[in-house]
Amino acid sequence: MSALTLAVRDSSTMVRRNLLHVRRYPSMTLNLLLTPVMLLLLFVYVFGDVMSAGIGGSADRSAYIAYVVPGLLLMTVGGTTIGTAVSVAMDMTEGIIARFRTMAIHRGSVLVGHVVGSVLQCVMSVVLVGAVGVAIGFRSSDASVLEWLAAFGLLTGFALALTWIAVGMGLVSPNAEAASNNAMPLIFLPLISSTFVPVDAMPGWFQPIAEYQPFTPAIETLRGLLLGTEIGHNGWLALAWCLGLAVLGYRWSKAAYDRK
């Protein structure tokens, strides 16, 4: 067998291993998934009418549903990757990685298994949160098939980039609890982005914090794609953030894994 074939085989085995862990220990995934669902229901049914009027729409929560769902889809991606950081930290501290190093398997398959498994979890989580959004009234009738494909590509690319960052956080954390704490910015940053209100509606001193971060351009791009509206320069910014974070996370993770 060629080196590439061996790498693909070993990586596939590691992907299956990580997915089995999710099936056997679903509590963390469910907890991380419940956060965006609860926020969606809270902001739509408790604050929806007021928030809809505040962003320039009528006093009807339907306008706010269309606004908030894209942001919560990306928040779901950030939350799901926290589980990846915890899983990597557990592998590093419980000795299984040392065992893998003694076996005749492709060295990078361990990290690839975590990354691919996490991206698959992100996609499934986004589908579930999106289904809840559709159930309570979200519609994307103005988006074309090409825009739907672009939205799916953006979510997948963002999940890949954040997963590599989460893997790096897990590798440098001394234990699972520290990994969970280190990865909290991945779910905190969406809260201070344009997920719930437009950046223009924020206080002037706070607007740069919300604007100059990876989630806001990605949210605005996804919102434009799903609603069929203009995305302006946000599409290029979102792509740049995805590429930059993916490269940074990969190099960081590889360096930390090789060092350990």
If only one of L160, L189, L226, L171 is at pLDDT 95 or above and either open to solvent by less than 30 Å² (accessible area, probe 1.4 Å) or assigned to a helix (DSSP H, G or I) (or both), which one is it? L160
Among the residues of the range 203-223, which ones are surrounded by 19 or more Cβ atoms within 10 Å (Cβ to Cβ) and in a loop (DSSP other than H, G, I, E, B)? P214
Failed condition for G57, given (1) at pLDDT 85 or above; (2) not in a helix (DSSP H, G or I), with all others met? (1)
So S180, is it open to solvent by less than 60 Å² (accessible area, probe 1.4 Å) and small (G, A, S): yes
Taking T80 as the residue in question, decide whether it is in contact with a Ser or Thr (Cβ under 6 Å, 6 or more places away or on another chain), within 30 Å of G224 (Cα to Cα) and either modelled with pLDDT under 80 or part of a helix (DSSP H, G or I) (or both). yes
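Go through M38, M51, M92, M124 for me and flag whichever is in contact with a Phe, Trp or Tyr (Cβ under 6 Å, 6 or more places away or on another chain), assigned to a helix (DSSP H, G or I), open to solvent by 10 Å² or more (accessible area, probe 1.4 Å) and on the phi < 0 side of the Ramachandran plot. Give the derivation first.
Details: M38 fails: in contact with a Phe, Trp or Tyr (Cβ under 6 Å, 6 or more places away or on another chain); M92 fails: in contact with a Phe, Trp or Tyr (Cβ under 6 Å, 6 or more places away or on another chain); M124 fails: in contact with a Phe, Trp or Tyr (Cβ under 6 Å, 6 or more places away or on another chain).
Testing whether each residue is in contact with a Phe, Trp or Tyr (Cβ under 6 Å, 6 or more places away or on another chain), assigned to a helix (DSSP H, G or I), open to solvent by 10 Å² or more (accessible area, probe 1.4 Å) and on the phi < 0 side of the Ramachandran plot leaves just M51.
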Restricted to the range 192-202, and to residues that are among the β-branched types (V, I, T) and in a loop (DSSP other than H, G, I, E, B), which residue is least open to solvent (accessible area, probe 1.4 Å)? T195
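The values are calculated or read from the model by the stated rules, or taken from the named source; none is laboratory data. Quick caveat: nothing in here was measured; it's all calculated off a predicted structure. Glycine also receives a Cβ, built like all others from the backbone with ideal geometry; neighbour counts cover every protein chain displayed. Protein only, heavy atoms only, side chains kept; ligands, DNA and RNA dropped before computing areas. Shrake-Rupley method; radii C 1.70, N 1.55, O 1.52, S 1.80 Å.
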